[in-house]
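Report on the following structure.
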Amino acid sequence: MTILIVDTRAGNLFSLRAAIERLGFKTRTLDKPDDKIYAGIVIPGQGRFGTVLKNLRANGWIPYLEQARIEAIPMLGICVGMQIFFEASAEDKDVVGIGWFKGRAEALDFPKKPMVGWAQLDSKIWPEAIVYFVNSYGVKQSEYSIAETTYGETFTAAIHQGNFTGVQFHPEKSSVVGAKIIEQSLKEPNNDHSI
């Protein structure tokens, strides 16, 4: 089973690739889509909202991801790789998001910016899970939220709808719990994600 990692040209993909391969998957990293069918797709979580979207649009990823959604291929969006599927972001106000989900990423009222470190999730699906965050922006509320966290204010930590799972935290840096979340998102995208 090969997992496609979308190279948004906005960050180091080494830790993400290593985390996925430790789960027994093969990985392939591409900056432009090809015509192969993959077991799952991961959109990584580094970079600015506008820059990531610009690179994805320039390299033909949006139609590819739309088709993957139709075909119910498991997808995992991480941090900004989740935010881009909403309508907009305060980080780049003139950039339109992909718009699969209503809402926008906002600059959050954190005690320190960016938020860097471990925080506990408030989630029925992942009760008492502690995961690693690096972010200044986030979606405050979503109808598809499956987890929240609070750091100064409460915001959406994860969403799930159909074959898509999005997480504001970095599961590739979140130890055993993060590994389980990656595995669930890529192997069992339509279940309740409970661990």
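The values are calculated or read from the model by the stated rules, or taken from the named source; none is laboratory data. Nothing here was measured: the structure is a model prediction, and the numbers come from that model. FYI the Cβ positions are ideal-geometry reconstructions off the backbone, even for glycines, and counts take in every protein chain you see. Heads up: the accessible areas ignore ligands, DNA and RNA and are worked out on the full protein's heavy atoms, side chains in. Shrake-Rupley method; radii C 1.70, N 1.55, O 1.52, S 1.80 Å.
Here are a few things to note about the model shown:
- Residues of the range 66-76 classified as over 12 Å from residue 5 (Cα atoms) and open to solvent by less than 10 Å² (accessible area, probe 1.4 Å), total: 1
- Members of the range 84-102 found to be open to solvent by less than 20 Å² (accessible area, probe 1.4 Å) and either among the hydroxyl-bearing types (Ser, Thr, Tyr) or in a loop (DSSP other than H, G, I, E, B) (or both), listed by number: 84, 85, 86, 89, 97, 101
- Among the residues listed as 48, 17, the single one being closer than 23 Å to residue 184 by Cα and either buried (at least 18 other Cβ atoms within 10 Å of the Cβ) or touching a residue at least 40 places away in the same chain (Cβ under 8 Å) (or both): 17
- Residue 145 vs. criteria open to solvent by less than 10 Å² (accessible area, probe 1.4 Å) and of a type in the set (S, T, N, Q): no
- Residue in the range 31-41 that is aliphatic (A, V, I, L, M), more than 14 Å from the chain's Cα centre (by Cα) and either surrounded by 15 or more Cβ atoms within 10 Å (Cβ to Cβ) or closer than 19 Å to residue 12 by Cβ (or both) present: no
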